Amino acid sequence: MEEGLMRLQVVEAIERLPEEPFTWVCYNEDFIDYYQNLIKDIRGSEFFYQYTRVVGRDQKRELDGGKIFFDPTLHYYIGNGYD
């Protein structure tokens, strides 16, 4: 998948996130900082700190509270040599 298209999918998904607590699931812990910063850049720090929790798909703890949203490009990484 083209990198520009992948980023557009992610940006559009972040723009549609609800103003309520949620968890954003990304590929792994290496992506957590990237998505935290991206969400802050797109929606603002206030939105991020009020509503957002970012975890990797290999999260061992229970996902508590709020809706769960998956990185729309997650399927690209799984099974494509990134595991």
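The set of residues in segment 11-34 that are at pLDDT 90 or above, of a type in the set (Ser, Thr, Tyr) and in contact with a Leu (Cβ under 9 Å, 6 or more places away or on another chain) contains only Thr23.
Residues that are at pLDDT 80 or above and under 14 Å from the mean Cα position of the chain (by Cα) do occur in segment 59-68.
Could you grab me the full set of residues in segment 23-37 that are buried (at least 17 other Cβ atoms within 10 Å of the Cβ) and not in a helix (DSSP H, G or I)? Correct list: Thr23, Trp24, Val25, Cys26, Tyr27.
For segment 1-22, taking the residues that are β-branched (Val, Ile, Thr) and surrounded by 16 or more Cβ atoms within 10 Å (Cβ to Cβ), the one that is nearest to Glu46 (Cα to Cα) is identified as Ile14.
The values are calculated or read from the model by the stated rules, or taken from the named source; none is laboratory data. The structure displayed is predicted, hence computed values, not measured ones. We place every Cβ from the backbone using ideal geometry, glycine too, and count neighbours over all the protein chains shown.
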